[in-house]
Structures are given as structure tokens and as C-alpha cells.
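To start, the structure under review is shown below, and the notes come after it.
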Amino acid sequence: MFHLGKVIDHQGKRLTIEFEEEINAEYLKMTAREKENLVKVKLIDNEPLSVKQNALSHALIRDIANWYVDDPEHVEEMLKYDYKYTEDEPFSHAVASMNEGNIWITKLIQFVIREGVQLNQRYSYLLEHDSFFYYCCKYRKCAVSGRPGAQIHHVTAVGNRHRNNVDHRLFPFVALDWKTHNIAHQLGQEEFLKRYQIKPVYLDKEALIKIGIMSNAQIMRFDEKYETEELFKRAIEEG
């Protein structure tokens, strides 16, 4: 059961909340089950869904529906069902906040790239989302053409170092098909990124392992090295 309220005081880890309706004492006692009452609080973003978010959302839904050869309203309901399942609350364009809109659009972007949905065009609003470039890398789809089997391009050159001795979490990437990859080298990084509106992204452990750039053993080895270096640095400072 959800109760709507407003924050009337905040001090460090303490929030004082005033609810719109009185909370039944017996209900509190029942849910506590002779223990302390616990609550799950969600702070609401008062900024509503933006015009850009709304436009991109409906454009992606339309393209997914065309790809499915299905009715857009039916596809939207299917996608909203998945949102409610993972976020534990419904999504509505009419009442969504900007933060909820970002979560919703990120899910749409992941679906589009993972499933290989053909988009009607390379929407400029889409390119403002880091998640687009992240999922292009994760699922090896070219961030320019959308073609599968893309190569993972280091935007910052790693030099002549052996790839196994490089922590790739420290370098930004973009996924490009072979043709676009060649264009990137011909134009140079700065011109290429500007011309094709590319936002390079840093990849996390999950993505790097999935696309075969690093193994879990390599990542653990680097983490152990960093921990040792930090302990050594701390010992020197304290000594």
C-alpha cells in the first residue's frame, strides 16, 4: 500500500514526512509484527516528463511497433508491463516525472538495440542519452549505422601496450561497424565525434566481459593491484 505525503523537515539521515491521510495505528502494529516498522520511501522528482522525452518515447514505440508489425498501443502496453514488473510501479506519459522518463527511455533504448529494431531515423534526442552508446557497445551494434557485429573502438588510443595489461574500464569506447571505424581513423577523433554526434562511454565490468574485451580474472587482478597500491600509499602516509 502506497501513501502520498510531503517532506516537512530534513536533518541529515532524518526525514519528517506528513501524509495526506491519517495512518491507521492498528495497520502499523500489524505490519510491524512485534518488530520495528520499516518504510520504503521514494523521493519524487517534481520536474515532469519533458517534451523531448515524450517525443522520443513515442517515436521509439512507433518504430518498435513497425518492427513487430503490431499496433503501437498494444506494443506500448507490453513495454509498460515490463516497466511495472521491474520498477514495481506503472508508467504513464501523462504523469511521469523527468527521472521516471529517463528510466523508461533507457529501457526502450536497451530493447531497441538488443532486439535489433530498425529505427525510422537516427533521432537527435536519442544521441543525448549515454545509455544509447553504452548499449550499442554491450550488444555490438554500430552507433552510426545500427548494423550488428560492430567493432569496439577505443576513442583514446591505448598505445603500444599489450591489451591484457590495460584496464579497459579507464578508456572510453564507441561501437562502430568496419566501414564507420575506417572513417573514424581517416577523419581523426575530434572531427569524427563532432560530425557523427558520438558520445564515447566508459564500460562497466558486465559489458566488458560480455563483449570479450576483458575477463573476470583480468578485472580481479587489476582490483587487487589497486587495493595493494592504496594500502601501500596509506601505510606511507601513516608512517
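The values are calculated or read from the model by the stated rules, or taken from the named source; none is laboratory data. Everything numeric in this text was worked out from a predicted model, so none of it was measured. Every residue, glycine as well, gets a Cβ built from its backbone with ideal geometry; the counts of neighbours run over all protein chains shown.
Things to note:
- Selection status of S124, surrounded by fewer than 19 Cβ atoms within 10 Å (Cβ to Cβ), hydroxyl-bearing (S, T, Y) and touching a Pro at 6+ places or on another chain (Cβ under 8 Å): no
- Y68 falls short on exactly one of the conditions (1) hydroxyl-bearing (S, T, Y); (2) surrounded by 17 or more Cβ atoms within 10 Å (Cβ to Cβ); (3) free of Cβ contacts under 8 Å to residues at least 60 places away in the same chain, and that condition is (2).
- E87, sole failed condition from (1) within 30 Å of K40 (Cα to Cα); (2) at pLDDT 95 or above: (2)
- Considering residues of the range 167-177 that are more than 12 Å from I152 (Cβ to Cβ) and in contact with a strand residue (DSSP E or B) (Cβ under 9 Å, 6 or more places away or on another chain) only, the residue surrounded by the most Cβ atoms within 10 Å (Cβ to Cβ): R169
- Residues that are assigned to a helix (DSSP H, G or I), of a type in the set (S, T, N, Q) and surrounded by fewer than 15 Cβ atoms within 10 Å (Cβ to Cβ) within the range 181-239 comprise N182, Q186, N216, T228, listed in sequence order.
- Selection count where residues are of a type in the set (D, E, K, R) and within 15 Å of W67 (Cα to Cα), scope the range 84-116: 2
- Sole residue being within 23 Å of G101 (Cα to Cα), hydrophobic (A, V, I, L, M, F, W, C) and outside any loop (DSSP other than H, G, I, E, B), chosen from L15, L60: L60
- Applying a threshold of 6 Å to beta carbon distances and a minimum spacing of six or more residues, or different chains, the list of pairs starting in the range 7-30 at a residue that is on the phi < 0 side of the Ramachandran plot and without any contact (Cβ under 8 Å) to a residue 12 or more places away in the chain and ending at one that is in a strand (DSSP E or B) and acidic (D, E) reads I8/E18; T16/D9.
- The single condition among (1) over 21 Å from P148 (Cβ atoms); (2) in contact with a Phe, Trp or Tyr (Cβ under 7 Å, 6 or more places away or on another chain); (3) in a helix (DSSP H, G or I) that E77 does not meet is (2).
- Qualifying residue in the range 123-130 (condition: hydrophobic (A, V, I, L, M, F, W, C) and more than 24 Å from H185 (Cβ to Cβ)): yes
- Among the residues listed as Q218, Q151, the single one being among the polar types (S, T, N, Q) and over 26 Å from D63 (Cα atoms): Q218
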